[in-house]
Amino acid sequence: MILSCISYKGGVGKSTISQNLAICMAQAGLNVCIVDADESQNTHYWIEARDASLPTIHVEKITNDKEIALKVRDLYQQFDYVIIDSPPSQSVIADKIIMLSHLVLVPVTPKGSSEVNTAEQFINQIRNLEAIKEKEILARFAINEFDPRPILHKEFVERFKEFPIQPLNTLLHRRVAYGEANLLGKGVYEHSDAKAKAEVIALYNEVISILETI
């Protein structure tokens, strides 16, 4: 399956979600590849820090919009799952990534109206691409850096439930463990924070259950 993490703005957790899902897949014995399509190459630098004794995550750098479709299709023949870490922009390569994917995850953080506006732009673009593809595009919002204490965060979750593209049930909380694991080339599945590990396992199980319906 081809899964992508995409957003039209940076700093919302595309790489974090891509990396942690890939770790869960690898720990489950699946053969997984991350395509790092972001010019910042955060996932490429992350994998360089990974210890060779840990389960292997293959990373390919593909930032050329003219090459990505053919290269991803080729990788799809070699791996159980291909996860595309997309650039943070509305661009040609982002549109191609959306149309290639069996499932599109759209990370959002509960920071207010700007996130809602960006989400609405994304939904409109999905509808345009569905018209071109003549097929429904399966997408879900993934709420990241959630904190249960502020009323704003709870209201944010409820607001996203009103959209035609629904949020995942799993909420990723604001935790130091994500940054700590990232520095070591790991996912929180391989970290000491039990709560962080539990929520990425829940995320993985939810994503797999969605993909199994295709």
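Structural remarks
- As for region 84-92, it holds no residue that is under 23 Å from V59 (Cβ atoms), at pLDDT 95 or above and in a helix (DSSP H, G or I).
- Residue among T43, T56, T109 that alone is surrounded by fewer than 15 Cβ atoms within 10 Å (Cβ to Cβ), hydroxyl-bearing (S, T, Y) and under 26 Å from A181 (Cα atoms): T56
- Total residues in region 45-70, condition closer than 24 Å to S89 by Cβ and among the aliphatic types (A, V, I, L, M): 6
- Output for region 29-49, where each listed residue is in a loop (DSSP other than H, G, I, E, B) and of a type in the set (S, T, N, Q): N31, S40, Q41
- Among residues of region 185-200, those that are touching a Phe, Trp or Tyr at 6+ places or on another chain (Cβ under 7 Å) and either part of a helix (DSSP H, G or I) or of a type in the set (D, E, K, R) (or both), counted: 4
- Residue in region 2-16 that is under 24 Å from I210 (Cα atoms), crowded, with 24+ Cβ neighbours inside 10 Å and out of contact with any strand residue (DSSP E or B) (no Cβ under 7 Å at 6 or more places or on another chain) present: yes
- On the stretch given as region 1-28, residues that are aliphatic (A, V, I, L, M) and part of a helix (DSSP H, G or I) total 6.
- When each of L172, L203 is tested for being at pLDDT 95 or above, crowded, with 19+ Cβ neighbours inside 10 Å and in contact with a Phe, Trp or Tyr (Cβ under 8 Å, 6 or more places away or on another chain), the lone residue that passes is L172.
- Any hit, region 59-76, residues being at pLDDT below 95, within 16 Å of the chain's Cα centre (by Cα) and not in a strand (DSSP E or B): no
The values are calculated or read from the model by the stated rules, or taken from the named source; none is laboratory data. Not measured: the values here are computed from a predicted model. Neighbour counts are summed over all protein chains in view; Cβ atoms, including those assigned to glycine, are modelled from backbone coordinates with ideal geometry.
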